[in-house]
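> Have a look at this one.
Nothing in this text is a laboratory measurement; each read-out follows from the coordinates by a stated rule. Owing to the predicted nature of the structure, the values given are computational and were not obtained by experimental measurement. FYI the Cβ positions are ideal-geometry reconstructions off the backbone, even for glycines, and counts take in every protein chain you see.
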Amino acid sequence: MKLISLQYAFYAFLATMAILSAAYVAFSRKTVYAVLALVVTMLSLAGIFLLIQSPFAALIQVFVYAGAILVLFLYVIMLLNPRQTDVTIRSMVEHRGPMLVVAGVLTASFFFLTAKWLITVYGADEFQFKEFSLIEVASRLLSDYLLPFELTSILLLMAIIGAVLIAKRN
Amino acid sequence: MDPVFFPANLLLSLAIFSLGVMGVLWHRNALSVFMSIELMLNAGNLALISFAQRFGDSAGAGLVLFVMTVAAAEAGVGLAIFIRLYRQRSTVELDKADELQG
């Protein structure tokens, strides 16, 4: 019972962080801060992946997203230093920070309660997780999905060549 | 695992996806739009993982790898295009790049 409530608390924290930082990414006009907020979103989602026991997804989330893609974003943003531009709709709220925190907590608790309600309505069996091992994922990837798996390497190669060709000076 | 995490994850995914859509509509800066797209991809990943865990299908967990690969390729090429765009008109505002609008 204690472990379960700890899981709930952890989940609620991660979900709140994810929603808050996602809202920051969606509405912030400061691009560098938005990238850092996006890192927080990715890491919170990685934590949630760990919590629902899919460590592989959490790992590649941290490696590929937080590690590689966002560093690329950060480099490009610092390289370009885009001017802060006006957005079409200006926010009416002066104190957005505390309001965002309240909104995030409220949203997280709201969907937690909705999830609880769904479970009381439909019964827990409807949402029961079925577990599978990481070995299963790996063998599936290297047998049923071997062709797409190999094609991703070609895709990445083409993306590298394309990026270099597009970005280089004539 | 507690079954409450499944609907909670789906609702969280919905929330993050909606925020991503709002970000795409809100921003004019190409980089911010791109980051909002990443948000949407992440929400999709979360839903994918949750469904994979719910139905015990390992294919969903493998599919996440493909989504992330495509996202990485997209980020590489897209950011290269933005660099090119910036060099040509020293801005990455999407409203300024409207030659194809006709």
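> Need one number: nm distance between label points at A:L134 and A:L74, each 7 Å from Cα along Cα→Cβ, rounded to one decimal.
Simple spin-label model gives 2.5 nm for this pair.
> Averaged over its residues, how many other protein chain Cβ atoms are within 10 Å of peptide B:92-101's Cβ atoms? Let's see the in-between values first.
On the way: counts 7, 3, 0, 2, 1, 0, 0, 0, 0, 0.
Averaged over the peptide's residues, the number is 1.
> Work out, step by step, the length gained on full extension between A:Y33 and A:V121: first 0.36 nm times the residue separation, then minus their alpha carbon distance; give nm to one decimal.
On the way: separation 88, 0.36 × 88 = 31.68 nm, distance 4.13 nm.
Gain on extension, A:Y33 to A:V121, equals 27.5 nm.
> Sticking with this structure for a sec: Classify the stretch A:2-82 as rounded, prolate or oblate from the Cα gyration tensor: take a ≥ b ≥ c as the square roots of its eigenvalues, call it rounded if a/c is under 1.5, otherwise prolate when a/b beats b/c and oblate if not.
Numbers: a/c = 4.66, a/b = 1.76, b/c = 2.65.
Oblate, because a/c is 1.5 or more while a/b does not exceed b/c.
> Tell me, how many Å apart are the Cα centres for the stretch A:11-75 and for the stretch B:1-80?
10 Å
> When only C-alpha pairs under 8 Å and at least 6 residues apart count, what is the relative contact order of chain A, in percent?
Values: 87 pairs, mean separation 36.0, N = 170.
Here the relative contact order equals 21 percent.
> Run the dipole for chain B about the Cα centre, Lys and Arg Cβ at +1, Asp and Glu Cβ at -1, nothing else charged, and hand back the magnitude in debye, nearest 20. Provide the component values of the computation, followed by the final result.
Values: 6 positive and 8 negative charges, 47 e Å.
Dipole of chain B, to the nearest 20 debye: 220 debye.
> Are there any helices in chain A, counted as whole DSSP H runs, that stretch 24 Å or more along their axis by Cα and score at least -1.0 on average by Kyte-Doolittle, and if so which?
Numbers: long enough: A:2-27 (37 Å, 1.45); A:31-51 (30 Å, 2.40); A:96-122 (38 Å, 1.34); A:146-167 (32 Å, 2.36).
Flagged H segments are A:2-27, A:31-51, A:96-122, A:146-167.
> Moving to a separate point now. Starting from the Cα gyration tensor of the stretch A:129-170, take the square roots of the eigenvalues, sort them a ≥ b ≥ c, and report rounded, prolate or oblate (rounded when a/c is under 1.5, otherwise prolate if a/b is larger than b/c, else oblate). Numbers along the way, then the final one.
Working: a/c = 6.06, a/b = 3.07, b/c = 1.97.
Note, shape of the stretch A:129-170 comes out prolate.
> Take the Cα atoms of the protein assembly as shown, build their convex hull, and give its volume per residue in Å³.
Values: hull volume 40.1 nm³, N = 272.
Dividing the Cα hull volume of the protein assembly as shown by its residue count gives 148 Å³.
> If you don't mind, another one. For peptide A:15-23, how many partner chain Cβ atoms fall within 10 Å of a residue's Cβ, on average? Mind dumping the intermediate values first?
Working: counts 6, 1, 0, 9, 4, 1, 3, 15, 6.
Mean inter-chain Cβ contacts per residue within 10 Å come to 5.
> Next question, about the same structure. Report, ordered by chain and residue number, the aspartates and glutamates lying within cross-link reach of A:K116, taken as a straight Cα distance under 19 Å and ignoring same-chain residues fewer than 8 apart.
Cα-Cα hits under 19 Å: A:D125, A:E126, B:D2.
> How do the peptides B:91-98, B:19-26 rank, highest first, by the average count of neighbouring beta carbon atoms within 10 Å per residue? Let's see the in-between values first.
Details: B:91-98: 15.1, B:19-26: 19.8.
Ranking, from highest mean packing down: B:19-26, B:91-98.
> Hey, another quick one. Kindly state, to the nearest 0.05, the FRET efficiency for A:L106 paired with B:L14, given R0 = 22 Å and r defined as their beta-carbon distance. Spell out each step's value before the answer.
Details: r = 16 Å, r/R0 = 0.71.
For R0 = 22 Å, the calculated efficiency reads 0.90.
> Of B:I83, B:L11, B:L63, which is farthest on the positive side of the dipole of chain B, counting Cα position, with +1 on Lys and Arg Cβ, -1 on Asp and Glu Cβ, and the Cα centre as origin?
Farthest towards the positive pole: B:I83.
> Would you mind giving the mean number of other chain beta-carbons within 10 Å of the Cβ of each residue in A:132-141, as a whole number? Don't skip to the answer; put the middle values down first.
Numbers: counts 9, 1, 2, 1, 6, 10, 3, 2, 7, 7.
Average per residue, whole number: 5.
> When only C-alpha pairs under 8 Å and at least 6 residues apart count, what is the relative contact order of chain B, in percent? Please report the intermediate quantities before stating the final value.
On the way: 79 pairs, mean separation 27.3, N = 102.
With pairs under 8 Å counted, the relative contact order is 27 percent.
> Going Cα to Cα from B:K96, which lysines come in below 20 Å? Please leave out same-chain ones fewer than 8 positions away.
A:K30
> Using a Förster radius of 45 Å, what is the FRET efficiency between B:V67 and A:L6 based on their Cβ-Cβ separation? Nearest 0.05, please. Before the final figure, lay out the partial values.
On the way: r = 30 Å, r/R0 = 0.67.
About 0.90, to the nearest 0.05.
> Using C-alpha positions alone, give me the convex hull volume of chain B per residue in cubic angstrom.
Working: hull volume 11.0 nm³, N = 102.
So the per-residue Cα hull volume is 107 Å³.
> Averaging sequence separations of C-alpha pairs under 8 Å and six or more residues apart, then dividing by the length of the stretch A:8-56, give the relative contact order as a whole percent.
On the way: 33 pairs, mean separation 21.7, N = 49.
So the answer I get is 44 percent.
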